[in-house]
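Worksheet: the structure to be examined is printed underneath.
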Amino acid sequence: MERKLTDQEIAKREQLKKLQDLNLDPYKINSFHITHTSLLFKSEFNKFSKESLHDDKTQISLAGRVMAIRQTFAQLQDDSGTIQIYINKKETPEVFNLFNEMISVGDIIGVIGTPMKTNTGELTIKVQKIVVLSKALKPLPEKWHGLQDDELRARHRYVDLIMNSASKSVFYLRSIILRELRNFFDHEGFLEVETPILHPQLGGAAAKPFITHHNTLDRDYFLRVATELPLKKIIVGGFGKVYELGRNFRNEGMDTMHNPEYTSLEAYQAYASYEDMMNIVEKVFRYLATKLGKMQINYKGVDLDFSKPFARIDMAKFVKQETNIDFDKIESDQEAIALAKKHNLELKPHMTKKGHILNLFFEQFCEEKCLQPTFVIGHPIEVSPLAKKDSKHPHKTERFELFICGKEYCNAFSELNDAIEQAQRFNNQLKERELGNYEANDMDHDFINALEYGMPPTGGLGLGVDRIVMLFTNQTSIKDVLFFPHMKD
């Protein structure tokens, strides 16, 4: 079917044809020398008066997108801001004709000229030459700032970035946060490493995977759901502190907190426990808050102060606090299951143990009430297949999750380093899979083999990087901190 063009699209193509007829085809230009960004231009010349700039012949070469046109003036936008340009019709009639007849809003142009100030004192480039560097064949949307359609902004991110400086600021901040996370762990003596994205076994987290096929090896692989197991193998190999910042993939639901691919940071330290990891996590958030100048923020209507110590609470005690049910005193799985049914909780077939039910009660009645930064500890073994047992409470593990404003930001353990127990835990996961838990871990024989060579006591943590970016940029949807989130057709 032939595409039907709008009147504006037709007009823009006619302007392009004029340029090409004059041997000014923008698509044949492969570079343009730039002496100033808009920010540099302003910082260099804003301090001068209109009179002092009158005879200034400094040559300015700047490029950007035309965002507005008003008679002989236009606004150009580059990646550092906006600047006004002015074309004097009498002094440069050929430049004015090119500007007036063949340039429209959305075009990318290069200008060469001199600095000046208007009667209102606005710093401006007085243009001597214009080069059209790219012709926009579609018009920019009108009143983009007034659009409330977040899906449209995410689907056409490139337009959102052109029109919305606030969106661009979010992604600048994202880049800063990623860099500062690396700076923090580097300074703490951790070595950044890279591990495979294609995994032969599913493991490292409770998640449903994406599956792909390698033709040469003629075998299926999982896109990694976590970096945990390879990183712990590196600890076995003798490295004391390692971390990896990268993408993971989970073939699950999508909402404001979940995207099929997302960024995490996992870090592992030999001869450390989950309590050491708690201290590191609290230190990470305080470090980022300091670097970003956001020690006190309001997020989702909640005032947060990262200078204060994070709260710590045992999962069973939290459930008792909210429901008056003491899971520490429940002796049988059957009693726990009966309580779940009494409270109308959805029981999946693999949820056969008291630990499953305790975790279910926590998710239903407690999770959303963790508004201030809170470390939840005392996770049951049944939902923590890779965490070390708590020696004082054998049905619990040395694990914590960090919650802020009702959402999880971090998961961490004292890592299980007993190869025999780890093999049994994997077997238990396989039994859960037979009962329909498709997020259960596989039996990873190579990981067991690595543990049999001996892994020192190790603390590990995983941070949800996208959620951290959402927190410090005050965004409520993960789509708004990803350049190109996945969307339904």
Those residues of the stretch 41-50 which are farther than 19 Å from Gln77 by Cβ, touching a strand residue (DSSP E or B) at 6+ places or on another chain (Cβ under 8 Å) and not in a helix (DSSP H, G or I), in sequence order: Phe48, Ser49
Within the stretch 339-352, count every residue that is surrounded by 13 or more Cβ atoms within 10 Å (Cβ to Cβ) and without any contact (Cβ under 8 Å) to a residue 40 or more places away in the chain. 6
Those residues of the stretch 62-97 that are aliphatic (A, V, I, L, M) and open to solvent by 50 Å² or more (accessible area, probe 1.4 Å) come to a total of 1
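Can you confirm whether the stretch 256-263 contains a residue that is surrounded by fewer than 18 Cβ atoms within 10 Å (Cβ to Cβ), part of a strand (DSSP E or B) and touching a residue at least 24 places away in the same chain (Cβ under 8 Å)? Quick ask: steps written out before the conclusion?
We begin by selecting, within the stretch 256-263, every residue surrounded by fewer than 18 Cβ atoms within 10 Å (Cβ to Cβ); these are 256-258, 260-261.
Add one more test, that the residue is part of a strand (DSSP E or B), and what stays is 258, 261.
Adding the requirement that they be touching a residue at least 24 places away in the same chain (Cβ under 8 Å) leaves 258, 261.
Yes, some residue in the stretch 256-263 is surrounded by fewer than 18 Cβ atoms within 10 Å (Cβ to Cβ), part of a strand (DSSP E or B) and touching a residue at least 24 places away in the same chain (Cβ under 8 Å).
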Matching option when the condition is closer than 30 Å to Ala450 by Cβ and assigned to a loop (DSSP other than H, G, I, E, B), among Pro385, Pro394: Pro385
For the stretch 298-322, how many residues meet the condition of being touching a strand residue (DSSP E or B) at 6+ places or on another chain (Cβ under 8 Å), under 29 Å from Ser169 (Cα atoms) and surrounded by fewer than 16 Cβ atoms within 10 Å (Cβ to Cβ)? 4
Options Asn46, Asn30; residue that is closer than 11 Å to Pro115 by Cα, open to solvent by 70 Å² or more (accessible area, probe 1.4 Å) and out of contact with any helix residue (DSSP H, G or I) (no Cβ under 9 Å at 6 or more places or on another chain): Asn46
For Ser38: the one exception among (1) farther than 15 Å from Ile130 by Cα; (2) in contact with a strand residue (DSSP E or B) (Cβ under 7 Å, 6 or more places away or on another chain); (3) open to solvent by 20 Å² or more (accessible area, probe 1.4 Å); (4) among the hydroxyl-bearing types (Ser, Thr, Tyr): (3)
Listed residues Asn100, Asn119; which is open to solvent by 50 Å² or more (accessible area, probe 1.4 Å) and over 26 Å from Gln20 (Cα atoms)? Asn119
Does any residue of the stretch 186-204 turn out to be buried (at least 19 other Cβ atoms within 10 Å of the Cβ) and either at pLDDT 95 or above or under 28 Å from Lys283 (Cα atoms) (or both)? yes
Count - residues of the stretch 122-135 that are farther than 17 Å from Lys28 by Cβ and either open to solvent by less than 30 Å² (accessible area, probe 1.4 Å) or within 37 Å of the chain's Cα centre (by Cα) (or both): 4
Exactly one of these conditions fails for Leu147: (1) modelled with pLDDT of 95 or more; (2) open to solvent by 60 Å² or more (accessible area, probe 1.4 Å); (3) under 26 Å from the mean Cα position of the chain (by Cα); (4) among the aliphatic types (A, V, I, L, M). Give me its number. (1)
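Out of everything in the stretch 353-364 that is open to solvent by 40 Å² or more (accessible area, probe 1.4 Å) and without any contact (Cβ under 8 Å) to a residue 40 or more places away in the chain, what residue ends up being nearest to Val376 (Cα to Cα)?
Glu363
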Does the stretch 230-237 include one or more residues that are outside any helix (DSSP H, G or I) and either closer than 25 Å to Glu439 by Cβ or touching a Gly at 6+ places or on another chain (Cβ under 9 Å) (or both)? no
Check off (1) under 11 Å from Met278 (Cβ atoms); (2) acidic (Asp, Glu); (3) open to solvent by less than 20 Å² (accessible area, probe 1.4 Å) for Glu398 and give me the number that stays unchecked. (3)
Scan the stretch 420-458 residue by residue and report those that are of a type outside the set (A, V, I, L, M) and part of a loop (DSSP other than H, G, I, E, B). Gly436, Asn437, Tyr438, Glu439, Asn441, Asp442, Asp444, Tyr453, Gly454, Pro456, Pro457
Does Ala412 satisfy the criteria of being over 30 Å from Val469 (Cα atoms), touching a Phe, Trp or Tyr at 6+ places or on another chain (Cβ under 9 Å), buried (at least 18 other Cβ atoms within 10 Å of the Cβ) and among the small types (Gly, Ala, Ser)? no
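The values are calculated or read from the model by the stated rules, or taken from the named source; none is laboratory data. The model shown is predicted, which means the values in this text are computed figures rather than measured ones. Neighbour counts are summed over all protein chains in view; Cβ atoms, including those assigned to glycine, are modelled from backbone coordinates with ideal geometry. Please note that ligands, DNA and RNA were not included when accessible areas were found on the heavy atoms of the full protein model with its side chains. Shrake-Rupley method; radii C 1.70, N 1.55, O 1.52, S 1.80 Å.
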